[in-house]
Amino acid sequence: MPAAKGSATNATVGQVASVATNAASMVKVRTRTNPPSVVSVTTPNSLKIQGIFWDNAPSAIINGHTVFTNDRFTSKVGGTVMNLLCREIRKDAVRLQNLDTGKEIVLDWGAK
C-alpha cells in the first residue's frame, strides 16, 4: 500500500526531524508541585450503629465493627478502648455489655 502524500516515507530526514520536534513540543506535562494532603482519622466519641442486617444470623455494624450476637470486640471511643460483648441484635436496636464495667448499653437505631 503506497504511503500517503506528506507521510514520513515521502519526507526528507530534515522534515521528519522537524515533525518529531514539533510533536514533542506540543506534549504538555503536568507535575504536582504540592504533596498530597494528609487526612486525619478521628476516633468516635460514642458508640453508634451504622447498620443492622436481619437474616438467619442477624448482624450489626458498630463503629466499623461487624458483630453478631455473643461476639466480643473492642472499640476505641473518645480515646478509651472499650471491651464489649454483643448481647442482642434487634431490628431497631443493639444491646451491648461493657466487659470492663459490667454496664449494659442499648444502642437504638435512630440514636445519634
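What follows is calculated from the coordinates using simple rules that are stated; it is not laboratory data. Remember, it's a predicted structure, so these values are computed and weren't measured experimentally.
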TRP54 to THR66: extension gain in nm, 0.36 nm per residue of separation minus the Cα-Cα distance?
3.0 nm
Which whole-number percent of Cα pairs in region 49-108 have a distance greater than 16 Å?
36
